[in-house]
1. State the number of residues belonging to the range 109-131 that are closer than 30 Å to residue 167 by Cβ and either buried (at least 21 other Cβ atoms within 10 Å of the Cβ) or touching a helix residue (DSSP H, G or I) at 6+ places or on another chain (Cβ under 8 Å) (or both).
2. Could you say which residue among 232, 176 is closer than 30 Å to residue 114 by Cα and at pLDDT below 90?
3. If we scan the range 214-223, do we find a residue that is within 17 Å of residue 50 (Cα to Cα) and in contact with a helix residue (DSSP H, G or I) (Cβ under 9 Å, 6 or more places away or on another chain)?
4. Going by what's in this entry, would residue 5 be described as at pLDDT below 95 and crowded, with 17+ Cβ neighbours inside 10 Å?
5. Checking the structure you have, find out if any residue of the range 80-88 is at negative phi and touching a helix residue (DSSP H, G or I) at 6+ places or on another chain (Cβ under 7 Å).
6. If I ask for residues that are buried (at least 22 other Cβ atoms within 10 Å of the Cβ), outside any helix (DSSP H, G or I) and touching a helix residue (DSSP H, G or I) at 6+ places or on another chain (Cβ under 6 Å), which ones from the range 193-213 would you list?
7. Kindly establish whether residue 40 is touching a strand residue (DSSP E or B) at 6+ places or on another chain (Cβ under 9 Å), surrounded by fewer than 19 Cβ atoms within 10 Å (Cβ to Cβ) and at pLDDT below 95.
8. List the helices (runs of 4 or more DSSP H) that sit entirely inside the range 15-115 and contain at least 3 residues that are farther than 19 Å from residue 125 by Cα and in contact (Cβ under 8 Å) with a residue 24 or more places away in the chain.
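The values are calculated or read from the model by the stated rules, or taken from the named source; none is laboratory data. From a predicted model like this one, the values you see are computed outputs, not experimental measurements. Here the Cβ positions follow ideal geometry from the backbone for every residue, glycine too, while neighbour counts run over all protein chains shown.
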């Protein structure tokens, strides 16, 4: 991935890693600061969220301004950052494609080796499923508004539920995110997580019971991912 940004060296003899401070805003260019931190220093490290997403095709024309220098990023990451950027406050994130110098093999291997610790130490993991559609928005909104009545709904006939959010859930379960090799590690190490699609987000433990509510049987692989999402049903 070509970029104009030049990474500072990182200490490869210890648990060093980088974090992104995504600048606030609701329009204009995406920008951030990239700074170094050290794992396992829980009393000193700034709380951060770790992003779990699908890279998608490379070679796009999207860019992120990092420390006043441009970095090329994939369309999927650009979409994720647009959705996750807060309008009035900065957000601290760990993002593999930005925080790791992908052109430095030694650094990449060092960071991959401690990736489970990065996800485990994150205050929250963001499962970003991609772009929103009318049906996925309907599903996410349904779960946001009605989760407190979830068990009452579960005892009703599923046919009584609106078919639009059901189609939205089916669409989300077919997303490439569920088929990524690294998903099981990222999900299993999350102590807390949210599921995001477009501009909507719901707690992972609420998402995990959605197939029961809508009477949907996910594929074996999807169900294995759902089963280890953080929450009382893990």
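1. The initial filter retains those residues of the range 109-131 that are closer than 30 Å to residue 167 by Cβ, namely 124-131.
Applying the additional criterion that residues be either buried (at least 21 other Cβ atoms within 10 Å of the Cβ) or touching a helix residue (DSSP H, G or I) at 6+ places or on another chain (Cβ under 8 Å) (or both) yields 125-131.
Going through the range 109-131 one residue at a time, the tally reaches 7.
2. Details: 176 fails: at pLDDT below 90.
Every option except 232 fails the conditions.
3. Residues of the range 214-223 within 17 Å of residue 50 (Cα to Cα): none.
No, the range 214-223 contains no residue that is within 17 Å of residue 50 (Cα to Cα) and in contact with a helix residue (DSSP H, G or I) (Cβ under 9 Å, 6 or more places away or on another chain).
4. Numbers: at pLDDT below 95: yes; crowded, with 17+ Cβ neighbours inside 10 Å: yes.
When the stated conditions are applied, residue 5 passes them.
5. Filtering the range 80-88 for residues at negative phi gives 80-88.
Subsequent filtering for residues that are touching a helix residue (DSSP H, G or I) at 6+ places or on another chain (Cβ under 7 Å) retains none.
Scanning the range 80-88, I find no residue that is at negative phi and touching a helix residue (DSSP H, G or I) at 6+ places or on another chain (Cβ under 7 Å), so the answer is no.
6. If the condition is that a residue be buried (at least 22 other Cβ atoms within 10 Å of the Cβ), outside any helix (DSSP H, G or I) and touching a helix residue (DSSP H, G or I) at 6+ places or on another chain (Cβ under 6 Å), then 193, 195, 197 are the ones that fit.
7. On the way: touching a strand residue (DSSP E or B) at 6+ places or on another chain (Cβ under 9 Å): no; surrounded by fewer than 19 Cβ atoms within 10 Å (Cβ to Cβ): yes; at pLDDT below 95: yes.
Against the criterion (touching a strand residue (DSSP E or B) at 6+ places or on another chain (Cβ under 9 Å), surrounded by fewer than 19 Cβ atoms within 10 Å (Cβ to Cβ) and at pLDDT below 95), residue 40 does not qualify.
8. On the way: elements: 75-84, 96-99, 105-113.
Correct list: 105-113.
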